[in-house]
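Enquirer: Sharing a structure with you now.
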Amino acid sequence: QVQLVESGGGLVQPGGSLRLSCAASGSLFSPHSMGWYRQAPGKQRELVATIDSGDTTNYASSVKGRFTISRDNANTVNLQMNSLKPEDTAVYYCKLVARVSYQIYWGHGTQVTVSS
């Protein structure tokens, strides 16, 4: 039932910025948490940042201080990415964990490429 719609990916120069957005619809209640994960070719999907219903945030050490996760409302999450590095190049996926069932929903992913 839950649908995740992502936007904001693209090509950016090293040191530049991008803002990703993910809007969730179709859930009965506010989600337990939402977040962003990324996966580069040949690598496992890894956590980037999460935010829960109490606005507690969690960041991967590799992005802490450069990325900021935030909510516009209970079902919309953003990822502000600053000081981007080539190592940030990956497909970024939005993730939602339902409040009651803890069922996990994924977006289809948006490509972020950091290159000169």
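Enquirer: Could you please give the count of residues in region 87-111 that are farther than 16 Å from Thr76 by Cα and among the aromatic types (Phe, Trp, Tyr)?
Expert: Matching residues across region 87-111 total 1.
Enquirer: Kindly list the number of the only condition in (1) over 22 Å from Ser115 (Cα atoms); (2) surrounded by fewer than 17 Cβ atoms within 10 Å (Cβ to Cβ); (3) touching a Pro at 6+ places or on another chain (Cβ under 7 Å) that fails for Pro14.
Expert: Status for Pro14: all satisfied but (1).
Enquirer: Out of curiosity, is Leu47 within 18 Å of Leu4 (Cα to Cα) and either free of Cβ contacts under 8 Å to residues at least 40 places away in the same chain or of a type in the set (D, E, K, R) (or both)?
Expert: yes
Enquirer: Among (1) open to solvent by 40 Å² or more (accessible area, probe 1.4 Å); (2) closer than 17 Å to Lys85 by Cα; (3) within 12 Å of the chain's Cα centre (by Cα), there is one condition Ala60 misses while meeting the rest; what is its number?
Expert: Result: Ala60 fails condition (1) only.
Enquirer: Restricted to region 74-94, and to residues that are in a strand (DSSP E or B) and more than 21 Å from Lys43 (Cβ to Cβ), which residue is modelled with the lowest pLDDT?
Expert: Ranking the candidates gives Thr76 first.
Enquirer: Hey, another quick one. Answer yes if at least one residue in region 7-16 is part of a strand (DSSP E or B) and on the phi > 0 side of the Ramachandran plot, and no otherwise.
Expert: Scanning region 7-16, I find at least one residue that is part of a strand (DSSP E or B) and on the phi > 0 side of the Ramachandran plot, so the answer is yes.
The values are calculated or read from the model by the stated rules, or taken from the named source; none is laboratory data. Being a predicted model, the structure only gives us computed values, none of them experimental. All Cβ positions, even for glycine, are placed from backbone atoms using ideal geometry, and neighbour counts span all protein chains on display. The accessibility values were calculated without ligands, DNA or RNA, using every heavy atom of the protein model including side chains. Shrake-Rupley method; radii C 1.70, N 1.55, O 1.52, S 1.80 Å.
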